[in-house]
Amino acid sequence: MLHLSRKMRFLPYLLILPALLLLFVFKLYPIIITLRESFIGKNGLTLKNFQLLFKDSIFWNSLMVTLKMNIVIIPLQIFIALIFALLVNAPIRGIGIFRTIFYLPITISATVSCLVWNVMLNPNSGVVNSFLNYIGIGAQDFFLDKNQALWCIVLVASWIGCGYWMMFILAGLKNIDPVLYEAAMVDGSGWLHTTLTITLPLLKNVLLFVFVANTTSNILLFVPMQLITNGGPQGSTDVLMFEAYLSAFKYYDRSRSSAIVLVLLVLIIIICAFQAKMLNEKSDRGAGKA
């Protein structure tokens, strides 16, 4: 029996081995290859790839476009997802219909969604411009306007993603003990005060996960740029991930592409670490006040 129990100790590790292998093959191994191609040249270890990259005006434009887009899209998506989750968490009859409606966009592939939105926002024959003309605003260029194209992509990506992040927040809301809300109601706490003092602090871990996952997803976003704008007009939607894609598969410059991807990886780590620190500080302040 003792011999059998010793064998059973290795069973959990055996069960997670396939997942660890997949993680290594599809996550860790590409990072190792990226590091090798970024730092190793014909004569060994070198920083030449980064020296050339940091002198490239196209890279700096892509970095600024990436930061500008994510400064808007990350808080926007999480705020909308939080509002959606709070709405569909209400215990009223038929609320499941609204959960389905909010979640429906994520069930459509990103490719199809982008193509549909491109047709809807077509400057000449799109249904959106037809509606704008009808109400007297006038037709817009949308993806063809350098001042509007990036924000149209933010709209498309948010339409796709908000329902997805809503489900994580909703799962967190379902784990909050209803007794806490009943006690707050007895104390005369309003909806806003209850949300700020009870709901959000108890959602800290869920929100941290959503922030990190959302940041990673949006910093690596490039499907709308590839399918709709091709980085234009005038580089206004040329984010870093799309520039890395062009370097690798159009210009066949894998060293430059790997260097850009490494910059993206560092950028994600910095932003996620900042988000984790901010959420932990807010949680500590809330605990101190309590």
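So the values come out like this:
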read-out	value
Qualifying positions in region 110-132 - more than 18 Å from TRP151 (Cα to Cα) and modelled with pLDDT under 90	ASN124, SER125
Residue list for region 203-241, restricted to those being among the charged types (D, E, K, R) and either touching a Cys at 6+ places or on another chain (Cβ under 6 Å) or modelled with pLDDT of 90 or more (or both)	ASP238
Looking only at region 174-195, and only at residues there that are surrounded by 13 or more Cβ atoms within 10 Å (Cβ to Cβ) and within 30 Å of the chain's Cα centre (by Cα), the one that is farthest from PHE79 (Cα to Cα)	ILE176
Qualifying position, being more than 24 Å from LEU76 (Cβ to Cβ) and in contact (Cβ under 8 Å) with a residue 12 or more places away in the chain, among ALA171, ALA139, ALA149, ALA157	ALA139
Tally, over region 134-188, of residues that are of a type in the set (A, V, I, L, M) and in a loop (DSSP other than H, G, I, E, B)	4
Which numbered condition VAL206 fails, given (1) in a helix (DSSP H, G or I); (2) touching a residue at least 40 places away in the same chain (Cβ under 8 Å)	(2)
Residues satisfying the stated conditions in region 110-128, i.e. touching a residue at least 12 places away in the same chain (Cβ under 8 Å) and in a helix (DSSP H, G or I)	ALA110, THR111, SER113, CYS114, LEU115, TRP117, ASN118, VAL128
Test for PHE26: is it of a type in the set (Phe, Trp, Tyr), more than 30 Å from LEU262 (Cβ to Cβ) and assigned to a helix (DSSP H, G or I)	no
Residue check for LEU86: at pLDDT 85 or above and more than 24 Å from PRO224 (Cβ to Cβ)	yes
Of all residues in region 72-86 being β-branched (Val, Ile, Thr) and surrounded by fewer than 16 Cβ atoms within 10 Å (Cβ to Cβ), the one that is nearest to the chain's Cα centre (by Cα)	VAL72
Within region 87-107, tally of residues that are surrounded by 13 or more Cβ atoms within 10 Å (Cβ to Cβ) and under 30 Å from ASP141 (Cα atoms)	4
Members of region 231-265 that are among the aromatic types (Phe, Trp, Tyr), assigned to a helix (DSSP H, G or I) and closer than 21 Å to LEU35 by Cβ	TYR245, PHE249
Exclusive hit being part of a helix (DSSP H, G or I) and farther than 28 Å from ILE97 by Cα, set THR195, THR215	THR215
Extreme residue, modelled with the highest pLDDT, among residues of region 29-49 that are of a type in the set (Gly, Ala, Ser) and under 16 Å from ASP253 (Cα atoms)	SER38
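The values are calculated or read from the model by the stated rules, or taken from the named source; none is laboratory data. Please read these numbers as outputs of a predicted model, since none were measured by experiment. Counting neighbours? That spans all protein chains shown, and the Cβs are built from the backbone with ideal geometry, glycine included.
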